[in-house]
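In what follows, a single structure is set out as structure tokens and then discussed.
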Amino acid sequence: MSETVNSKVDFQTMEEILKSFDYKKSYLIAMLQKVQAIYKYLPEEAMTYIGEHVDGLSPATVFGVATFYAQFSLEPKGKYEIKVCDGTACHVRGSLPVLNAIKEKIKLEEGKFTTKDGLFTLEIVSCLGACGLAPVVVINEKVYPQMTPDAITIILDTLMKEEQ
Amino acid sequence: MGKMIINGKECEFTNERNILEVIRKNGFNVPTFCYRPDLTKDFGACRMCVVEIDGRMIQASCTTPPAEGMVVKTNTEKVRSIRKTILKLLLANHDRECTTCDKSGTCELQKYSEEYGITDADVKKFVQRKENLPVDNSAYTLVRDPNKCILCGACVRACEEHQGLSVLAFTNRGSKTVVQPMVDKDLAHSECIGCGQCAAVCPTGALTVKSYTEQVWDELMNPEKKVVVQFAPAVRVAIGEMFGIEPGENMTEKLNAALRALGFDLVFDTNFSADLTIMEEATEFLGRLNNGGKLPLFTSCCPGWVKFLELKHPDMLDHLSTCRSPQAMMGSIIREYIPQYYPEFKPENLVSVSIMPCTGKKAEARRDEFKRADGSYEIDYVLTTQEIARMIKSAGIDIKNIKPEKADSPFGKYTGAATIFGVSGGVAEAAARTAYEVVTGQELKDVVINDMRGTNRVKTVELDLNGTHLKVKIVNTIKEAEKCMREIKEGKADYQLLEVMACPGGCINGGGQPMSCNDSEIKEKRARGLYKDDETGELRKSHKNPDVQELYNKHLEAPNSHKAHELLHTTYSNKRKDCYISVGE
């Protein structure tokens, strides 16, 4: 991931985050969430900074926590985060065709989660708790119920047009 | 206080933290992987220590505190079957190339698999993990092979609890869990200081000392080459263990003989350059004291400690003594003067090898500061105690019964002050002996400073050199050293000399010593061995070493002279860029 590192992460922002949590080790997850809220992912410098400046942590232990939880991403995320639910209800009601339609529409490369242009990130998530609306897709916190391949293609088309 | 029954025998317990300790104290044993007496005891990762407790069924003995009237059975059908299942599952995901593994013979997984009669068919019932993870061979010091890791967490705890560095951590989750440094960094680019304490507690071959024995064999077998060797203080009291000799027995003269039998052309003692270190460091210290130099002065013998400062506290480097470590001093002295004393040793055919209790010394020898004009290094190869013992075994040398021999001259003699360099507090004690006589001009009668001895991680000693009052702080482990750095930065340090050794107890417990799994009894025996060597020797003060005096008279003039600086001192630099992509710098 070092080639994707950019110097966006600045000392002052990190210092403010750590200060707001009193430099306490027990707030590590909250710190990481805040970092991710700002940068959309956890840059290596940010994890190193926390590891070096919080007592009882090291860059490696921060990395260990970051890789333990699915909520943290170590790669930059796209402008639109698409979450496709593949819980039991969504699965039986056809989440996989929806997923394939999205992959095709945003031209996602095999093995990648984010598109080359940095516009979309695709994630498969377990149950979102909206089984009555299955299959569900969430794009940047907005819920799209009862999706079909056609419907999601239209939605993505609209987003892409807005971006042009 | 209470009584419990173990395998039908009534056993007393007092303040033991868990029933595993009670079991072992009473002559029984259960297998363990993750249990290490010096580290967090109730980690409970491997579950090999399960026992059957009446009324409680099966429990891990390392996490269960003893209780009155407890009835424990350590070897029932049930627990044996659980242990066998654990072994089978571990082996199913394990690189089982035992014959070519560095840990073969000392591996605990190998040992228990044999004891519990695990067969190939047992293991093949399970599907083996397909992907092979890359082996990290990047560092000069250690090799990390995640395919042999059983996730017992001993290394993670050693790095955190001894050094406070946590270079290694559990990453990812579930079946994908790996113990590794930050992101995809290799050890060479992590903040690893190379102390090797992780390898010292690793039950398998996942963390091993990088071996240079083949290269050294090649040099020894090459008739064109002249190979010179030196060995460190702590080696002599530990190497015997690999040949069934009690820890602490002084093997100096037998080792001299064994090294000659191996084919080394000249055998010197790093203790000689430890004496030299005292001459230089004591002079530097008194110079700083009298001329208002930077204090407290830090000792610079330990390569792990030096690297730690370069990585974590580059702003404190001006406290660090500019003296090279004894290994490096000997390295430069050999290069400079051996061709003068022994004309058949020419600069182009001289090979310099050192034997150390330490894994970090391998990296120290590869520092840019010790690089020669032709790109080679002053010391060509650094072997650990483990490696040289293996070479002696493979050459069929009976070190137990070999006729003792003296080291070669002119760099073979040593004093008791030098030999105690191998134990935490020893450098300070040796320096104090010389400093006293230099400052007061009087003879020091009682050379032993008891307050500087003992296994404590922190010792503070006040000295009175006839009116000159000094305070010396002695710490071992980097965790304690870090606390000192804070003290100094906060202006709370009232001492003038700080001795740091990275390994718990000092070099006697180095990462390259024979496997002792941090057993404190072995550690103490080795320390006693060095103190005994000091007591029984004729000379106990570094400045009384006749070889050292001759070196100054003939070549170096005086401690801290221009020539001495050139050969015996070095420089340090901020090494953060090698390791961190960090913000704010």
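None of the figures in this text is laboratory data; all of them are computed from the coordinates on show. Every value quoted in this text rests on a predicted model; they were computed, and no experiment measured them. Cβ: placed from backbone, ideal geometry, glycine included. Neighbour counts: every protein chain shown.
Observations
- The protein assembly as shown, dipole about Cα centre (Lys/Arg Cβ +1, Asp/Glu Cβ -1), debye to the nearest 20: 1740
- Rg to Rh, two decimals, where the protein assembly as shown supplies the alpha carbon set and Rh follows Kirkwood: 1.03
- The H on the amide N of residue B:169, modeled in the peptide plane, is under 5 Å from the matching H of B:180, each at least 5 residues off or on a different chain.
- Among A:119-127, B:51-59, B:432-440, the order from most to least packed when residues are scored by Cβ within 10 Å on average: B:432-440, A:119-127, B:51-59
- The count of lysine pairs in the stretch A:93-156 that are at least 8 places apart or cross chains, and whose C-alpha atoms lie under 16 Å apart, stands at 4.
- Protection proxy ranking of B:387-397, B:277-287 - average other beta-carbon atoms within 10 Å, highest first: B:277-287, B:387-397
- Among the listed pairs B:413/B:473; B:445/B:544; B:210/B:361; B:406/B:563; A:25/B:307, those beyond 18 Å (Cα-Cα): B:413/B:473; B:406/B:563; A:25/B:307
- Shielding value for A:123-133 is 0, the average number of Cβ atoms from other chains within 10 Å of each residue's Cβ.
- Estimated translational D of chain B in µm²/s (Stokes, Kirkwood radius over Cα pairs; 25 °C; 0.890 mPa s): 97
- Applied to the stretch A:150-160, the Karplus parametrisation 6.51 cos²θ - 1.76 cosθ + 1.60 on θ = phi - 60° returns per-residue 3J(HN,Hα) values of 5, 4, 5, 4, 5, 4, 5, 4, 4, 4, 5 Hz, with x for Gly and Pro.
- Mean Cβ count within 10 Å, highest first, over the residues of peptides A:90-103, B:408-421: B:408-421, A:90-103
- Relative to the current alpha-carbon distance between residue B:291 and residue B:487, full extension at 0.36 nm per residue lengthens the span by 68.2 nm.
- Order of B:308, A:113 under a 10 Å beta carbon neighbour criterion, fewest first: A:113, B:308
- Hydrodynamic radius by Kirkwood, which averages 1/r over all alpha carbon pairs of the stretch A:80-163, in angstrom: 12.6
- Cα centroid of the stretch A:31-96 to Cα centroid of the stretch B:29-79, whole Å: 37
- Among B:1, B:452, B:356, the ranking by other beta carbons within 10 Å of each residue's beta carbon, starting with the fewest, stands as B:1, B:452, B:356.
- Averaged over the residues of peptide A:37-47, the number of Cβ atoms from other protein chains lying within 10 Å of each residue's Cβ is 2.
- For the stretch B:87-209, the tally of Lys pairs with Cα-Cα distances below 18 Å comes to 13, considering only residues 8 or more apart or on different chains.
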